[in-house]
Amino acid sequence: MIKIAVLVSGSGSNLQALIDANLSGQIVGVISNKPDAYALNRAKQAGISTAVIEHKQYPNREAFDDVMHQQLLEWDVDLVVLAGFMRILSAKFVKAWEGKMVNIHPSLLPYYKGMHTHQRVLATGDVFHGCTVHYVTAELDAGQALAQGVLKVTHKDTVDRLAQRVHVLEHLIYPQVVEWICTGTLQHTEQGVLHRGRLLEEPIQFFKF
Ligand code: GAR
């Protein structure tokens, strides 16, 4: 059974969706860089081990990442799932978990990397918006996209409303992608990413209009 660690910084609604999905893999631990992250309560409620590793207590990114790396090794983790983890990771850490670490980002990547995605979508007047699950590489929000949830922006949307609508999509697609990884339906290989045994050239898209 695949052992999963989830890295969080905030509310942890994606962590909750993963817990509720009863995955084939086991969530063996949750790491937060914020001691007051609500996600920690969710983990404890579900009987999952937690570790608080505060980035502020380390002199640099590498030192912080090394402590996280050691914790992941201690839990014997196969897959690292970033769920609202708001720290940029060092190249060394990313390399160590290459092909074994996924992230969810609130935009249709490659558009709107970084922060304030909903605001930027509204300011640009885009018709479509959504979220992307991707492998993590050293470049921010740039690893291969595995799946996207797509919604249609309406005149009623505000930043808050869009954030809420994107969250609904995230809670659908993230557990699905993680489950596919757990069952081997999605595989990271030297030849590329395979989905159902075929080379994945474009992210799998889910629509909710
Ligand atoms: C999610 O919307 C996720 O896409 C975003 O943080 C939120 C966390 O919500 N992640 C990023 O912006 C990463 N760049 P949650 O704590 O309720 O799961």
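Any read-out appearing in this document is the output of simple, stated calculations on the displayed coordinates, not a laboratory observation. Please read these numbers as outputs of a predicted model, since none were measured by experiment. Reconstructed Cβ throughout: ideal geometry from the backbone, glycine too, with neighbour counts over all protein chains shown.
Below, the figures for the structure above:
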{"item": "Neighbour cut-off at most 16 other Cβ (10 Å), DSSP loop, GluC sites (Glu not before Pro), segment 165-204", "result": "GLU190, GLU201"}
{"item": "Excluding exposed DSSP-loop trypsin sites (Lys or Arg not before Pro) (at most 11 other C-beta within 10 Å), longest clean stretch of the chain", "result": "1-155"}
{"item": "Segment 96-208: relative contact order as a whole-number percent, Cα under 8 Å and 6+ apart", "result": "25"}
{"item": "Pairwise FRET efficiency - ARG198 versus LYS113, Cβ, R0 = 25 Å, nearest 0.05", "result": "0.35"}
{"item": "Calculated P(r) tail over 24 Å for segment 78-209, as whole % of Cα pairs", "result": "27"}
{"item": "Added length on full extension, which subtracts the Cα-Cα distance from 0.36 nm per residue, ARG120 to ALA63", "result": "17.2 nm"}
{"item": "Taking the convex hull of Cα positions in segment 1-143, its mean projected area over all directions (nm²)", "result": "8.8"}
{"item": "Extension gain, ALA163 back to GLU139 (0.36 nm per residue minus Cα-Cα distance, nm)", "result": "6.2 nm"}
{"item": "For the chain, built as a Gaussian network whose Cα springs stay under 10 Å, the top-fluctuating residue of MET101, MET115, MET86", "result": "MET115"}
{"item": "Near-label residues of segment 82-114 by backbone N, under 16 Å of a point 7 Å along Cα→Cβ of SER24", "result": "none"}
{"item": "Label-to-label distance, nm, for residues given as ASP36 and THR189 (7 Å Cα→Cβ offset)", "result": "4.9"}
